[in-house]
């Protein structure tokens, strides 16, 4: 059985998911072989509700799946530019379709493993619903790599269940950035925020 956090996925029948957020209506194509294929998952919703964004920002959605977080950000913050990265080829195909389906002009999706396809880029904000089921090592790589790809003063914001890896991710964020704040708690999900400051 293939894990959704892998390159190759078996194509399946596509179907629509309707999603409302901040009085805006979204429609997403989904299929088997992607994370939370039948509905937008609770962690994503909690993260979206608690994003701390600035306008005119460069934003990275790391591990975007079929594009919910990045597309919602782009639609609700039209002055921002959103880059989405995903290793699952099936999810990338769906995300590209979903960008068009939701008439988003300020977002793009790139296929690749974590930060490899965006080397040299810098962002004001990195957001991620990390693939806990893919293992903590993968999640740690997302946190560790974020420091290199964030501008000075940039932010990393992630969501996780506190009792399913969240505490370890919080500690890792503190190790890498020297700070980590819990900005939201909802139904077992915690939203963690770290700020990137240059070393003296």
Could you list, in sequence order, all residues of region 143-157 that are surrounded by fewer than 16 Cβ atoms within 10 Å (Cβ to Cβ), on the phi < 0 side of the Ramachandran plot and either modelled with pLDDT under 95 or not in a helix (DSSP H, G or I) (or both)?
151, 152
For residues in region 158-200 being in contact with a helix residue (DSSP H, G or I) (Cβ under 7 Å, 6 or more places away or on another chain), in contact (Cβ under 8 Å) with a residue 60 or more places away in the chain and farther than 20 Å from residue 60 by Cα, which is surrounded by the most Cβ atoms within 10 Å (Cβ to Cβ)?
189
Within region 13-50, the residues that are in contact with a helix residue (DSSP H, G or I) (Cβ under 7 Å, 6 or more places away or on another chain), within 28 Å of residue 182 (Cβ to Cβ), in contact (Cβ under 8 Å) with a residue 40 or more places away in the chain and in a loop (DSSP other than H, G, I, E, B) are 22
Go through (1) over 23 Å from residue 166 (Cα atoms); (2) at pLDDT 95 or above one by one and return the number of the condition residue 47 breaks.
(1)
Check region 97-118 and report whether any residue there is surrounded by fewer than 16 Cβ atoms within 10 Å (Cβ to Cβ) and at pLDDT below 95.
no
Within region 160-200, restricting to residues that are part of a loop (DSSP other than H, G, I, E, B) and either at pLDDT 95 or above or in contact with a strand residue (DSSP E or B) (Cβ under 7 Å, 6 or more places away or on another chain) (or both), the one that is farthest from residue 134 (Cα to Cα) is 198
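Looking at region 92-142 only, could you name the residues that are assigned to a helix (DSSP H, G or I), without any contact (Cβ under 8 Å) to a residue 40 or more places away in the chain and farther than 21 Å from residue 40 by Cα? I'd like the intermediate steps shown before the answer.
Residues of region 92-142 that are assigned to a helix (DSSP H, G or I), as a first pass: 92-101, 116-118, 132-134, 136-142.
Going one step further and asking which of them are without any contact (Cβ under 8 Å) to a residue 40 or more places away in the chain, we end up with 92-93, 95-96, 99-100, 116-117, 132, 136-137, 139-141.
Residues satisfying the conditions are 116, 117, 136, 137, 140, 141.
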Taking region 51-82 as the region of interest, how many residues are within 20 Å of residue 13 (Cβ to Cβ) and not in a helix (DSSP H, G or I)?
3
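The values are calculated or read from the model by the stated rules, or taken from the named source; none is laboratory data. Because the structure is a prediction, the values reported are computed rather than measured. Note that we place each Cβ from the backbone using ideal geometry, even for glycine, and neighbour counts take in every protein chain shown.
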